[in-house]
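Visitor: Here you go, one structure.
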Amino acid sequence: MSSTLKKLLIAMLGSVRDLLPIVLVIVFFQFAVLQQPLPNIGQILLGVLFVIMGLTFFIHGLEQGLFPIGESMATAFARKGSLFWLIAFAFALGFGTTVAEPALIAVAEEAAEVAANGAMIDATEAAKLQYADGLRYTVALSVGLAIVVGVIRILKGWPIQWFIIGGYMLVVIMTMFAPKEIIGIAYDSGGVTTSTITVPLVTALGVGLASSIRGRNPMIDGFGLIALASLTPMIFVMVYGMMM
């Protein structure tokens, strides 16, 4: 058995183990509480199989591709010694991964639909598309800037807690003044932003950068970029709501 196939099987077993509690919860409530048989049992089993396979290939792909490329590029930029290109790479990585984030696309489209139904914007496809794109690019811009701030923090060795405390204080203050229709969207944007595409590459960037700089601890300095990437969309989306 090749090492790649062995790693794939190990990842599949891990996926089964991770999904087992969810399956047990569903089965318990379906049979013990609702006391009803599962509808379309064949379709459900096929769906569970697809979820296991998808999760397996996703995790294996992260380990084989995204994590190594993120860490190697961060190390290469650090060794190159060019702050401009490192900052440019950090911003482009945060912006690009966020724009392509499936969860953010779904939330932006749903927000545009609700805004149209609530007469906040015109109920035309062009208006809804403009609103959704504006929301997406606002979040992407905020994440790009957050990754830049996180990279500078790693370079300087600044403690992350002051960024988080100050950022959430600003979120609380802005919540008092932002339109109530945008507050929920802003808070959700911070969560959906850090999903399947953004998290692996940004995490690899932080760990790789901290590992390649003398005096930096990857465990202490390498993590925290995701926290910043979750925080800034809330601020920027509330500003976006105030300007609309």
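The values are calculated or read from the model by the stated rules, or taken from the named source; none is laboratory data. All of these numbers come straight from a predicted model, not from anything done at the bench. Positions of Cβ are backbone-derived with ideal geometry, glycine not excepted, and every protein chain shown enters the neighbour counts. Surface accessibility is based on the protein's heavy atoms, side chains included, excluding ligands, DNA and RNA. Shrake-Rupley method; radii C 1.70, N 1.55, O 1.52, S 1.80 Å.
Visitor: For the condition modelled with pLDDT of 90 or more and part of a helix (DSSP H, G or I), what is the one hit in 241, 167?
Guide: Exactly one of 241, 167 is modelled with pLDDT of 90 or more and part of a helix (DSSP H, G or I), namely 167.
Visitor: Scan the range 186-198 residue by residue and report those that are farther than 16 Å from residue 109 by Cβ and open to solvent by 50 Å² or more (accessible area, probe 1.4 Å).
Guide: Selection gives 187, 196, 197.
Visitor: Let me ask you something else. Please go through the range 1-22 and give me each residue that is of a type in the set (A, V, I, L, M, F, W, C) and under 13 Å from residue 63 (Cα atoms), ordered by number.
Guide: Answer for the range 1-22, where residues must be of a type in the set (A, V, I, L, M, F, W, C) and under 13 Å from residue 63 (Cα atoms): 8, 10, 11.
Visitor: For a quick check of your reading of the model, give me the residue pairs whose first member lies in the range 182-197 and is within 12 Å of residue 234 (Cβ to Cβ), whose second is open to solvent by 50 Å² or more (accessible area, probe 1.4 Å), with beta-carbon atoms closer than 8 Å and at least 6 apart or on different chains.
Guide: 182/242; 182/244; 192/106
Visitor: Further question: Tell me which residues, restricted to the range 6-24, are hydrophobic (A, V, I, L, M, F, W, C) and open to solvent by 80 Å² or more (accessible area, probe 1.4 Å).
Guide: Across the range 6-24, the qualifying residues are 10, 13, 20, 22, 24.
Visitor: Follow-up question, since we're still on this one. If only one of 233, 159 is part of a loop (DSSP other than H, G, I, E, B), within 30 Å of residue 72 (Cα to Cα) and modelled with pLDDT of 85 or more, which one is it?
Guide: 159
Visitor: Tell me whether the range 26-34 contains one or more residues that are surrounded by 14 or more Cβ atoms within 10 Å (Cβ to Cβ), aliphatic (A, V, I, L, M) and either over 19 Å from the mean Cα position of the chain (by Cα) or in a helix (DSSP H, G or I) (or both).
Guide: Looking through the range 26-34, none of the residues is surrounded by 14 or more Cβ atoms within 10 Å (Cβ to Cβ), aliphatic (A, V, I, L, M) and either over 19 Å from the mean Cα position of the chain (by Cα) or in a helix (DSSP H, G or I) (or both).
Visitor: Here are 70, 65, 94, 47: which of them is open to solvent by less than 40 Å² (accessible area, probe 1.4 Å), in a helix (DSSP H, G or I) and under 30 Å from residue 181 (Cα atoms)?
Guide: 94
Visitor: Next question, about the same structure. Would you confirm, using the coordinates I've provided, whether residue 203 is open to solvent by less than 10 Å² (accessible area, probe 1.4 Å), at pLDDT below 90, among the polar types (S, T, N, Q) and out of contact with any strand residue (DSSP E or B) (no Cβ under 8 Å at 6 or more places or on another chain)?
Guide: Against the criterion (open to solvent by less than 10 Å² (accessible area, probe 1.4 Å), at pLDDT below 90, among the polar types (S, T, N, Q) and out of contact with any strand residue (DSSP E or B) (no Cβ under 8 Å at 6 or more places or on another chain)), residue 203 does not qualify.
Visitor: Report yes if residue 215 is farther than 23 Å from residue 166 by Cβ and in a loop (DSSP other than H, G, I, E, B), otherwise no.
Guide: Against the criterion (farther than 23 Å from residue 166 by Cβ and in a loop (DSSP other than H, G, I, E, B)), residue 215 qualifies.
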